[in-house]
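Presented below is the structure to which this report refers.
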């Protein structure tokens, strides 16, 4: 069974790699010629940064086994019924 510390470290490693990839893509936008391509890449990178930030917050909150983001709040945020 995987311990909670290893689980947290793995989640944060994935989050950090996604953030780095998004920043790389945002920096590479200058080399694109098409404005449509620039808009799509920027939208993708910003949405990934937002989503992975929420995932990292969830992982950090799960570590001490006392989450500071509760499931009912997540359900409201994701518009689940």
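Angle of helix 4-28 to the longest C-alpha principal axis of the chain, folded into 0 to 90 degrees and rounded to 10: 10°.
The mean sequence separation of alpha-carbon pairs under 8 Å and at least six residues apart, normalised by the residue count of the chain, gives a relative contact order of 33 percent.
Once Rg/Rh (Cα atoms, Kirkwood Rh) is worked out from the coordinates, which option in (1) 0.98; (2) 1.11; (3) 1.05 does it equal? So the calculated entry is the one marked (2). The long axis of helix 35-62 is offset from the longest Cα principal axis of the chain by roughly 10 degrees. Taking 0.36 nm per residue of sequence separation and removing the Cα-Cα distance, the residue 27/residue 5 pair yields an extension gain of 4.7 nm.
Every number here is computed from the coordinates shown, using simple stated rules; none is lab data. Keep in mind that this is a model prediction, so the values were computed, not measured.
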